[in-house]
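Undergrad: What follows is a single structure, and I will ask about it in a moment.
The values are calculated or read from the model by the stated rules, or taken from the named source; none is laboratory data. Everything numeric here is computed off the predicted structure, so don't read it as measured data. Glycine gets a Cβ as well: all are built from the backbone with ideal geometry, and neighbour counts include every protein chain shown.
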Amino acid sequence: MNKASLTQDVPPDRVEAMEKIIERPKPVKVMILGGVDTGKTTLTVYLANALVEQGLKVAIIDSDVGQKGILPPATISLALAEAPFSSLGELSPLKHYFVGTVTPNQHFAEMVVGVTRLARLAQEVADVVLIDTTGLVHGPGVELKRMKIEAVGPDIVLALDREGELAPILKPFEGKLDVVKLQVSDKARSYSRGERRDMRREKWRAYFRGVRPITLDLSKFVITGTSLFQGRPLSEEEKGLLEGIFKWLILHGRKVGGRYFIVKADVGEGPRSVDRNVLRYIDFDRLSNILLGLIDEDGFCLGLGILKLLNFGDMKAEILTPLDDGELARVKEIRFGRMRVREDGEELGLLDRDAL
Ligand SMILES: Nc1ncnc2c1ncn2[C@@H]1O[C@H](COP(=O)(O)OP(=O)(O)OP(=O)(O)O)[C@@H](O)[C@H]1O
């Protein structure tokens, strides 16, 4: 299921990287950068094992949301490596930060905050913090990586660079950051979008194996990640007017900062072009299978849930989750993600950041 596993068959420059890490005062934060399939995770696993062998305490932050080695997907995770291991999936995670989707594109803030918070925690408990990142290194990925570097302040950056593609990320830090350029192994192989999706399906399925249905009283939790409950409810008059114009059945509606936000079902043919500055809507069906983060009092993610049915009348939500009663008792906040996924691992699609 995981692409990357332990190998000793690595380019010789890994020794130089190891020496740099070992000679630095501890704790030392190491960020691993590289494009898609350049072997970032393989390098992380190799270094972690070699450092553990040296008697060092190693923390790994897996921020590769699309291809997590440490479950669950759609989060950033922190785990400690205290004994030799062959794949990230073997480590038991210490903390997660909820991102809510499997691509960082519209979620830079979650990525940066998550990595920064986990790195802060990690350096209190480990000698070496290895930060594995996503392969998004072009276009907006350049900004994401710059912000991650700014926020985390790594002591060393390991750059798996093929032909200078990381230069735009590293340029602003020239002379300020200890960058070690490393060769991409000629054994590194690439995976198609389809293969990546298939691997993710297996990961979702593994995470959601043994889920059970539970009903949550949403009025007892802080709800975040959505504007569904912000602002004020619609008046009967507003509701009737909008239902009449658009031929909708409105199941839930709020006025949020001067704009209407509606959850509806169509009952007939109505006008469909709407000024989004005035009115936004989502179909009730699209709320089913939305990924939820179950969040503790410190803002970390205890685990995931899948929203099956949301009853706005009594604020009860039927969800599926693998969390046990003890873990559920620690949930203080329900955070809405931006993708729909089924418990059998089938991804039903991503939602725009402002869809909710
Ligand atoms: N030194 C190596 N020896 C053998 N295989 C390798 C080596 N480095 C990478 N690979 C293989 O290449 C593939 C991609 O490597 P890996 O998953 O580590 O890349 P990544 O950069 O972490 O990918 P992603 O972009 O998904 O984060 C994997 O199948 C891995 O096993």
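Undergrad: Would a scan of segment 20-31 turn up a residue that is within 15 Å of the ligand (Cβ to nearest atom), in contact with a strand residue (DSSP E or B) (Cβ under 8 Å, 6 or more places away or on another chain) and within 25 Å of His138 (Cα to Cα)?
TA: yes
Undergrad: Being touching a helix residue (DSSP H, G or I) at 6+ places or on another chain (Cβ under 7 Å) and over 15 Å from Leu356 (Cα atoms) is the filter; apply it to segment 270-300 and report the residue that is surrounded by the fewest Cβ atoms within 10 Å (Cβ to Cβ).
TA: Kept after step one, since they are touching a helix residue (DSSP H, G or I) at 6+ places or on another chain (Cβ under 7 Å), are these residues of segment 270-300: 270-271, 282.
With over 15 Å from Leu356 (Cα atoms) added as a condition, the list becomes 270-271.
Values: Gly270: 13, Pro271: 8.
It comes out as Pro271.
Undergrad: So, Phe229, is that one under 25 Å from the mean Cα position of the chain (by Cα) and not polar (S, T, N, Q) or not?
TA: yes
Undergrad: On to the next question. Quick one: Gly299 ticks every box in (1) farther than 23 Å from Val115 by Cβ; (2) not in a strand (DSSP E or B) bar one, so which box is it?
TA: (1)
Undergrad: Further question on the same structure: Identify the single condition in (1) surrounded by fewer than 22 Cβ atoms within 10 Å (Cβ to Cβ); (2) closer than 19 Å to Val128 by Cβ that Met31 does not satisfy, given that it satisfies every other one.
TA: Condition not satisfied by Met31: (1).
Undergrad: On the given criteria, is Ser185 within 12 Å of the ligand (Cβ to nearest atom), surrounded by fewer than 14 Cβ atoms within 10 Å (Cβ to Cβ) and either over 23 Å from Gln67 (Cβ atoms) or not assigned by TED's automatic domain parsing to the domain that holds Glu346 (or both)?
TA: no
Undergrad: Tell me which residues, restricted to segment 7-19, are under 19 Å from Pro84 (Cα atoms), more than 8 Å from the ligand (Cβ to nearest atom) and at pLDDT below 80.
TA: Of everything in segment 7-19, just one residue is under 19 Å from Pro84 (Cα atoms), more than 8 Å from the ligand (Cβ to nearest atom) and at pLDDT below 80, namely Gln8.
Undergrad: Quick one: is Gln54 at pLDDT below 95, under 24 Å from Lys181 (Cα atoms), away from the ligand (no atom under 16 Å from the Cβ) and surrounded by fewer than 23 Cβ atoms within 10 Å (Cβ to Cβ)?
TA: Details: at pLDDT below 95: yes; under 24 Å from Lys181 (Cα atoms): yes; away from the ligand (no atom under 16 Å from the Cβ): yes; surrounded by fewer than 23 Cβ atoms within 10 Å (Cβ to Cβ): yes.
When the stated conditions are applied, Gln54 passes them.
Undergrad: Tally time: how many residues in segment 302-319 are in a loop (DSSP other than H, G, I, E, B) and hydrophobic (A, V, I, L, M, F, W, C)?
TA: Going through segment 302-319 one residue at a time, the tally reaches 2.
Undergrad: Okay, next question. Across segment 240-250, which residue is farthest from Leu228 (Cα to Cα) among those that are of a type outside the set (Val, Ile, Thr) and surrounded by 17 or more Cβ atoms within 10 Å (Cβ to Cβ)?
TA: The selected residue is Phe246.
Undergrad: Turning to a different aspect of this structure: Name the pairs whose Cβ atoms lie under 6 Å apart, with the first residue in segment 245-256 and assigned by TED's automatic domain parsing to the domain that holds Leu310 and free of Cβ contacts under 8 Å to residues at least 24 places away in the same chain, the second surrounded by fewer than 16 Cβ atoms within 10 Å (Cβ to Cβ) and of a type in the set (A, V, I, L, M, F, W, C), and 6 or more positions between them or separate chains?
TA: Note: pairs meeting the criteria are Lys247/Val267; Leu249/Ala265; Leu249/Val267.
Undergrad: Looking at Leu287, Leu351, Leu328, Leu292, can you tell me which residue is more than 29 Å from Lys239 (Cβ to Cβ) and outside the structural domain of Arg120 (by TED's automatic domain parsing)?
TA: Step by step, each of Leu287, Leu351, Leu328, Leu292 is checked, and only Leu328 is more than 29 Å from Lys239 (Cβ to Cβ) and outside the structural domain of Arg120 (by TED's automatic domain parsing).
Undergrad: Scanning segment 34-51 for residues that are within 16 Å of the ligand (Cβ to nearest atom) and of a type in the set (A, V, I, L, M), which turns out surrounded by the fewest Cβ atoms within 10 Å (Cβ to Cβ)?
TA: Val36
Undergrad: Take Glu150 and decide whether it is within 20 Å of Lys29 (Cα to Cα), modelled with pLDDT of 90 or more and more than 13 Å from the ligand (Cβ to nearest atom).
TA: yes
To keep it simple, each residue is scored yes or no on (1) surrounded by fewer than 18 Cβ atoms within 10 Å (Cβ to Cβ); (2) of a type outside the set (Val, Ile, Thr); (3) within 16 Å of the ligand (Cβ to nearest atom).
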residue: Val125; (1), (2), (3): yes, no, no
residue: Gly139; (1), (2), (3): yes, yes, yes
residue: Arg146; (1), (2), (3): yes, yes, no
residue: Val157; (1), (2), (3): no, no, yes
residue: Lys176; (1), (2), (3): yes, yes, no
residue: Lys181; (1), (2), (3): yes, yes, yes
residue: Ser192; (1), (2), (3): yes, yes, yes
residue: Glu202; (1), (2), (3): yes, yes, yes
residue: Thr215; (1), (2), (3): yes, no, no
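Undergrad: Within segment 162-221, which residues are over 23 Å from Val15 (Cα atoms), among the basic types (Lys, Arg) and in a strand (DSSP E or B)?
TA: Residue satisfying the conditions is Arg212 alone.
Undergrad: Applying the selection to segment 277-302, what residues are at positive phi and either at pLDDT below 95 or in contact with a Gly (Cβ under 9 Å, 6 or more places away or on another chain) (or both)?
TA: Correct list: empty.
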